[in-house]
Amino acid sequence: MSAIDVWRIKIDEIDRKLVELLNLRARYADEIGKIKERLGMEVYSPEREHDVERNVINSNKGPLSHEALRRLFERIIDESRRLEREAMIERKKNPPQK
């Protein structure tokens, strides 16, 4: 096995972990959306998005630039927002049975 193969295996494992963590993040965001919905709160929170961006940038040790991480998390947050919207629409169409 070449050195390149070894590094590719490591990258593939990280990619699998990233997918797992991103899905977990989406589930947590959906749970927060459900709670906010029950409490009559707005689901969208620009303040929270700003906090996420700041936390991500503050934890950055490189080699990715702060701007690169900001762009990546902007996409992650966009997708979370889309999933929350779709879940809310689905819950309104099919409310839980009591």
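Of everything in the range 8-26, what is among the charged types (D, E, K, R) and surrounded by fewer than 11 Cβ atoms within 10 Å (Cβ to Cβ)? Give them in sequence order. Within the range 8-26, LYS10, ASP12, GLU13, ASP15, ARG16, LYS17, GLU20 qualify.
Residues of the range 35-56 that are surrounded by fewer than 15 Cβ atoms within 10 Å (Cβ to Cβ), part of a helix (DSSP H, G or I) and over 15 Å from the mean Cα position of the chain (by Cα): ILE35, ARG38, GLU47. Contact map, the range 19-40: residues that are at negative phi paired with residues that are assigned to a loop (DSSP other than H, G, I, E, B), Cβ distance under 9 Å, separation 6+ or inter-chain. Pairs shown: ILE32/VAL43; GLY33/VAL43; ILE35/MET41; LYS36/GLU42; LYS36/VAL43; LYS36/SER45; GLU37/VAL43. The set of residues from the range 65-98 being surrounded by 13 or more Cβ atoms within 10 Å (Cβ to Cβ) and not in a helix (DSSP H, G or I) is empty.
Where a number appears in this text, it was derived from the coordinates with a stated rule and is not lab data. Please read all numbers here as calculations on a predicted model, not as lab measurements. Cβ sites come from the backbone with ideal geometry, for glycine too, and all protein chains shown count toward neighbours.
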